[in-house]
Amino acid sequence: MIVDGVEFTFASEIAADDYQCILDCKFFKDWLTAAKSKFVVQKIHFSSVDFLSKVHSPLFIKLTATATLPDGRPVHGIVVVRGNAVGVLVVLRCEGEKYLLLVRQPRFALTETASLEMPAGILDWSGDYRKVALSELEEEAQIVADDSELIDLTDFWWKGSTPGFAASCGLIDERIRLYAIERDVTREQLEAMDGKNQTYVEENEWIRTEVLPYEEAAHKFVDGKNLIALFLYERWLKTQGR
């Protein structure tokens with residue numbers, strides 16, 4: 001089918017009944033609009049689509065596009081489209097020391113059964129980064145926070161020029177908006193935050209919180225968003241004279 005000058009084709013395993021919901025998917029439409037504003041997009045072939053389990057809407061879309069720069073030079077067109085995400089660096093201060101509250105969860109792609117990461121999640125249909133950040137904090141870290149507590153590290157660093165940093169710019173469209181939150185806690189509160197389990201069977205998520213000393217944590221995680229958030233947070237601290 002051809003829509004607005006772009007030819008769309010679908011792999012045989014994608015049901016014809018799903019064609020329209022894929023084309024109508026908000027994060028795909030947002031990506032395509034941005035792509036067409038800077039490139040000449042001629043054709044898009046959908047290789048595969050994974051759907052959310054709760055509702056039948058796209059979660060990951062793998063496609064191959066035939067596209068060029070405005071001057072006609074072809075570009076690499078294999079893309080995994082999944083939309084943007086948020087992550088929150090949780091900094092706890094206790095008795096003059098700093099700690100990070102992180103979550104451990106299985107990451108099959110990394111062949112890790114307990115990857116150490118900050119609370120994070122995919123941006124939902126609302127497009128409200130701050131709302132999703134607060135929701136992920138409550139869901140994964142069991143922390144109920146107010147909007148005023150969020151430190152927008154992305155806006156601090158890039159001054160509104162991007163919604164977030166690119167996690168893997170050669171393949172994935174995702175940009176992750178990063179926040180931080182600081183909390184003063186007692187020793188009892190700190191210990192109570194460590195080792196909490198959250199289970200979300202429908203999403204195959206098995207999450208356990210872990211509280212680690214700030215510097216120790218920084219040397220233990222390998223997840224990119226953790227490292228970028230830590231860098232931005234420390235730059236932000238300097239602007240605060242801390």
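Read the figures in this text as sums done on the coordinates, not as results from a lab. Every value quoted in this text rests on a predicted model; they were computed, and no experiment measured them. Don't worry about glycine lacking a Cβ; one is built from the backbone with ideal geometry, like all the others, and counts go over all protein chains shown.
Going down the list Lys29/Lys225; Lys54/Lys196; Lys26/Lys225; Lys196/Lys238, which pairs span over 28 Å between their C-alpha atoms? Over 28 Å Cα-Cα: Lys196/Lys238.
Annotation: amide H-H contacts under 5 Å for Thr66 (H modelled 1.01 Å from N, sequence separation of 5 or more, or interchain): Gln42, Lys43, Ile44, His45.
Summing charges over neighbours of Gly87, with a neighbour being any other residue whose Cβ is under 10 Å away from its Cβ, gives -1 when K and R count +1 and D and E count -1. With the largest listed first and rounded to whole Å, the semi-axes of the equivalent ellipsoid of region 2-81 from the Cα gyration tensor are 23, 12, 11.
Residues whose amide H falls under 5 Å from that of Leu100, counting only those 5 or more places apart or on a different chain, are Leu92, Leu212, Tyr214, with hydrogens built in the peptide plane. Sequentially through region 117-134, phi angles give Karplus couplings (6.51, -1.76, 1.60; θ = phi - 60°) of 9, 7, x, 7, x, 6, 4, 8, 4, 5, x, 9, 4, 5, 4, 5, 4, 5 Hz, Gly and Pro residues having no value and appearing as x. Residues in region 149-161 carry Karplus couplings, in order, of 7, 6, 9, 7, 5, 5, 5, 4, 8, 9, 6, x, 7 Hz; the curve used is 6.51 cos²θ - 1.76 cosθ + 1.60 with θ = phi - 60°, and Gly or Pro positions show x.
Name the shape class, rounded, prolate or oblate, that the alpha-carbon gyration tensor gives for region 85-239, where a ≥ b ≥ c are the square roots of its eigenvalues, rounded holds for a/c under 1.5, and otherwise prolate holds if a/b is larger than b/c and oblate otherwise.
Details: a/c = 1.41, a/b = 1.10, b/c = 1.28.
Judged from the Cα gyration tensor, region 85-239 comes out rounded (a/c under 1.5).
Amide H contacts under 5 Å for Ala167: Ile176, restricted to partners 5 or more places along the chain or on a different chain, H placed in the peptide plane at 1.01 Å from N. The residues neighbouring Leu237, those whose beta-carbon lies less than 11 Å from its own, together hold a net charge of +2 under the Lys/Arg +1, Asp/Glu -1 convention. Phi angles of region 171-178 translate, via the Karplus equation with coefficients 6.51, -1.76, 1.60 and θ = phi - 60°, into HN-Hα couplings of 9, 10, 6, 4, 10, 10, 8, 10 Hz per residue; Gly and Pro are given as x.
Of all aspartates and glutamates in the structure, the ones whose alpha carbon falls short of 18 Å from that of Lys38, not counting any fewer than 8 places away in one chain, are Asp4, Glu7, Asp30, Asp71, Asp173, Glu174. Take the chain and mark each of the GluC sites (Glu not before Pro) that is in a DSSP loop with at most 13 other Cβ atoms within 10 Å; the longest unmarked stretch, sites excluded, is 96-242. Taking a sphere under 15 Å around the Cβ of Gly96 and counting the other residues whose Cβ falls inside, with K and R at +1 and D and E at -1, yields a net charge of 0.
The antiparallel fraction among DSSP beta bridges confined to region 48-198 stands at about 70%.
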